């Protein structure tokens, strides 16, 4: 396992803005009080010169510090494990699991776990189940000529519920999904970035394609029946966020994405988004995380088919021996992205 390093300035900036996205990535310990906290701790901030940083709570404890009773930094690892286990339970279930049963299974009170899960994944357990059910329906639609049969196979109680979900999540009917996205409107542009020409394309739901060295023809191949509209300036804020994610990832805003793949691909992409800034995971790590420990090659394939570079950070996946492995955008771009994020210098 490669040793991670800490960018003290970036860590302090995260503490100053109480950034929850940095929880679990770094621990701040205050010399004057002997207490260590996570970045989102609501307590008053000490002077910068009184703070030292550790990679985790174990390091702070070993240095003689004690855990903050207010922000409970030791809970971060436990919460992450609970969310991972809950996701596995949801994905293995044929029917929706009640919040109380799910929380009990992972050792939490229902309302507390609702907050923990939503904070970690940006969606409630019930919302995660609805999304999973919609994905199953989409796969069934691709494999079946019978729309109603596919709807029931995916776990819906009837067509009306699926049509309601489809309009909310997909913005299209089941037939349109099966027909290559017919009726979907995609705005797009190609911008200059620090890493070269970058195709940015979005649906009303979010960014659906973000790739290097591609143009409208690539969009046409991937969305053959969609209505493609060249950007008229309305994408400026989104583009600025994308460029910030490349140049200054510590300051990047949360950007909406709208990606679709097989259930396995989307499981891999979700795991990629969980990798903290500045860290890496091996293909084997991701395979274990999605419950398929022997599927390292399939993970590599799913990585390579990721349609949204940078925001779904497939560049953070490396080989078990510490070498970079491949990258659709080229290894030079992969190195630059990892360097900007503060990854281990041995990688770059």
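List of remarks:
- Residue identified as over 24 Å from the mean Cα position of the chain (by Cα) and not assigned by TED's automatic domain parsing to the domain that holds residue 290 among 84, 32: 32
- For the stretch 13-23, the criterion of being at pLDDT 90 or above, touching a strand residue (DSSP E or B) at 6+ places or on another chain (Cβ under 7 Å), over 30 Å from residue 287 (Cα atoms) and surrounded by 14 or more Cβ atoms within 10 Å (Cβ to Cβ) is satisfied by at least one residue.
- Which listed residue is under 16 Å from the mean Cα position of the chain (by Cα) and either at pLDDT 85 or above or not assigned by TED's automatic domain parsing to the domain that holds residue 275 (or both), from 132, 99: 132
This table checks each residue for (1) exposed (fewer than 14 other Cβ atoms within 10 Å of the Cβ); (2) at pLDDT 90 or above.
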residue: 172; (1), (2): no, no
residue: 200; (1), (2): no, yes
residue: 217; (1), (2): yes, yes
residue: 223; (1), (2): no, no
residue: 229; (1), (2): yes, yes
residue: 238; (1), (2): no, yes
residue: 248; (1), (2): yes, yes
residue: 266; (1), (2): no, no
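- Flag for residue 182 being modelled with pLDDT under 90 and touching a helix residue (DSSP H, G or I) at 6+ places or on another chain (Cβ under 9 Å): yes
- Residue that is crowded, with 17+ Cβ neighbours inside 10 Å and under 30 Å from residue 7 (Cβ atoms), where the choices are 123, 106, 76: 76
- Assessment of the stretch 72-92 against the conditions (farther than 30 Å from residue 283 by Cα and touching a helix residue (DSSP H, G or I) at 6+ places or on another chain (Cβ under 8 Å)) yields no matching residue.
- Matching helices (runs of 4 or more DSSP H) fully within the stretch 282-348 where at least 1 residues are surrounded by fewer than 19 Cβ atoms within 10 Å (Cβ to Cβ) and at pLDDT below 90: 283-289, 296-304
- Tally of residues being within 21 Å of residue 18 (Cβ to Cβ) and within 15 Å of the chain's Cα centre (by Cα) across the stretch 251-268: 4
The values are calculated or read from the model by the stated rules, or taken from the named source; none is laboratory data. Remember, predicted model here, so these are calculated numbers, not experimental data. Neighbour counts are summed over all protein chains in view; Cβ atoms, including those assigned to glycine, are modelled from backbone coordinates with ideal geometry.
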